[in-house]
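Encoded as structure tokens, the structure appears first; notes follow it.
All of the numbers you see were taken from the coordinates with simple rules; none came from a lab. Since the model is a prediction, treat every value here as computed from it, not as a measurement.
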Amino acid sequence: MTILLSLLIFVHILGAAAIFGGWLANFKTPTVSVWQWYGAIVQLVTGLAMVGILEAGDGSPNHMKIGIKSLIAIIILVAAFIGRKKMKNGEEVSTGIAHAVGGMAFINIAIAVLWS
């Protein structure tokens, strides 16, 4: 279980890097890249999988922290979905949507690191 949890943490961090890095790369011309969309999916799936593993094992996750991070992850996923859909239709992605994806990812990373 430890190896699986470590692997999930690794992939979870890669998802966060895709979202946050994509936001920084396109900061002057805000948009939602396909990697931000993939990162949002990866973040939500691996986060839920890690909670499931901790609940099934000896670990006891902080349910308040997990609830807040899950809500933010869903907001990121929805904003990334809207942004990608607009990009596919050839429409311009609003600055608010683009910055919501990256900004909420930044907040989620801060919560993960700073909330002990």
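When the P(r) of segment 43-110 is calculated, the portion above 20 Å amounts to 38% of the C-alpha pairs.
For segment 19-61, the average shadow cast by the Cα convex hull is 3.4 nm², which is a quarter of the hull's surface. In percent, rounded to a whole number, the relative contact order of the chain is 32, using alpha-carbon pairs under 8 Å and six or more apart. Computed extension length for N89-I3: 26.8 nm, one decimal, from 0.36 nm per residue of separation with the Cα-Cα distance subtracted. Three semi-axes describe the equivalent ellipsoid of the chain; taken as square roots of 5 times the Cα gyration tensor eigenvalues and ordered largest first, they are 28, 13, 12 Å.
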